[in-house]
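Everything on this sheet refers to the single structure shown next.
The values are calculated or read from the model by the stated rules, or taken from the named source; none is laboratory data. Please read these numbers as outputs of a predicted model, since none were measured by experiment. Note that we place each Cβ from the backbone using ideal geometry, even for glycine, and neighbour counts take in every protein chain shown. All accessible areas refer to the heavy atoms of the entire protein, side chains included, with ligands and DNA or RNA removed. Shrake-Rupley method; radii C 1.70, N 1.55, O 1.52, S 1.80 Å.
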Amino acid sequence: QVQLVESGGGLVQAGGSLRLSCAASGRAFVSLAMGWFRQAPGKDREFVAGIRWTGRTYDNDSVEGRFTISRDNAKNTVYLQMNSLKPEDTAVYYCAADPTGWGDRTDRYAYWGQGTQVTVSS
């Protein structure tokens, strides 16, 4: 049982930055790998980044190094720092948790937040 709540989305101009946050509850946070996915209009959900409790990360090359995932285990929170945003980054961003703890396979993310909208204007 895991509950996830995202925050930090909004409207920004191209080239700007946002930091998304996801607060987790319901079980030991350090037992979870955490990740971020996004879903643009008309498209399936896409993996953005994942992170193990140790801090090892997995990134989608499509974001070209512009996004950084991190976690604060003491606060049960995972973050996604997004820089140099582009209009094509516009999507609903979802926080997710992988109870296996590995975070390297997208099909193992079993828990999902409700999403936060990120809109990048030109």
Residue among N73, N83 that is over 21 Å from G15 (Cα atoms) and open to solvent by 40 Å² or more (accessible area, probe 1.4 Å) = N73
ask   = Quick one: what pairs do we get from region 72-94, first residue on the phi > 0 side of the Ramachandran plot, second part of a helix (DSSP H, G or I), C-beta under 6 Å, 6+ apart or different chains?
value = N76/F29
key: Residues that are among the basic types (K, R) and assigned to a loop (DSSP other than H, G, I, E, B), drawn from region 23-48   = R27, K43, R45
message = Which count do you get for residues in region 50-70 that are closer than 15 Å to A33 by Cβ, surrounded by 18 or more Cβ atoms within 10 Å (Cβ to Cβ) and not charged (D, E, K, R)?
response = 4
inquiry  = Return the residues of region 49-63 that are touching a residue at least 12 places away in the same chain (Cβ under 8 Å), of a type in the set (S, T, N, Q) and not in a strand (DSSP E or B); say none if nothing qualifies.
reply    = N60, S62
inquiry  = For region 103-122, which positions are of a type in the set (D, E, K, R) and either in contact with a Gly (Cβ under 6 Å, 6 or more places away or on another chain) or open to solvent by 90 Å² or more (accessible area, probe 1.4 Å) (or both)?
reply    = R105, D107
query = Do we find that L20 is modelled with pLDDT of 95 or more, surrounded by 15 or more Cβ atoms within 10 Å (Cβ to Cβ) and not in a strand (DSSP E or B) in this structure?
reply = no
task = Could you list all residues from region 24-39 that are in contact (Cβ under 8 Å) with a residue 12 or more places away in the chain and hydrophobic (A, V, I, L, M, F, W, C)?
result = A24, F29, V30, L32, A33, M34, W36, F37
message = So in region 83-113, with the set limited to residues that are aromatic (F, W, Y) and in a loop (DSSP other than H, G, I, E, B), which one is farthest from L4 (Cα to Cα)?
response = W102
inquiry  = Among (1) farther than 26 Å from S31 by Cα; (2) open to solvent by less than 30 Å² (accessible area, probe 1.4 Å); (3) among the charged types (D, E, K, R), there is one condition D98 misses while meeting the rest; what is its number?
reply    = (1)
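Okay, residues lined up against (1) within 15 Å of Q117 (Cβ to Cβ); (2) in contact with a Lys or Arg (Cβ under 8 Å, 6 or more places away or on another chain); (3) modelled with pLDDT under 95:
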{"site": "V5", "(1), (2), (3)": "yes, no, no"}
{"site": "G8", "(1), (2), (3)": "yes, yes, no"}
{"site": "V12", "(1), (2), (3)": "yes, no, no"}
{"site": "W36", "(1), (2), (3)": "yes, no, no"}
{"site": "P41", "(1), (2), (3)": "yes, no, yes"}
{"site": "F47", "(1), (2), (3)": "no, no, no"}
{"site": "E64", "(1), (2), (3)": "no, no, yes"}
{"site": "F67", "(1), (2), (3)": "no, no, no"}
{"site": "P87", "(1), (2), (3)": "yes, no, no"}
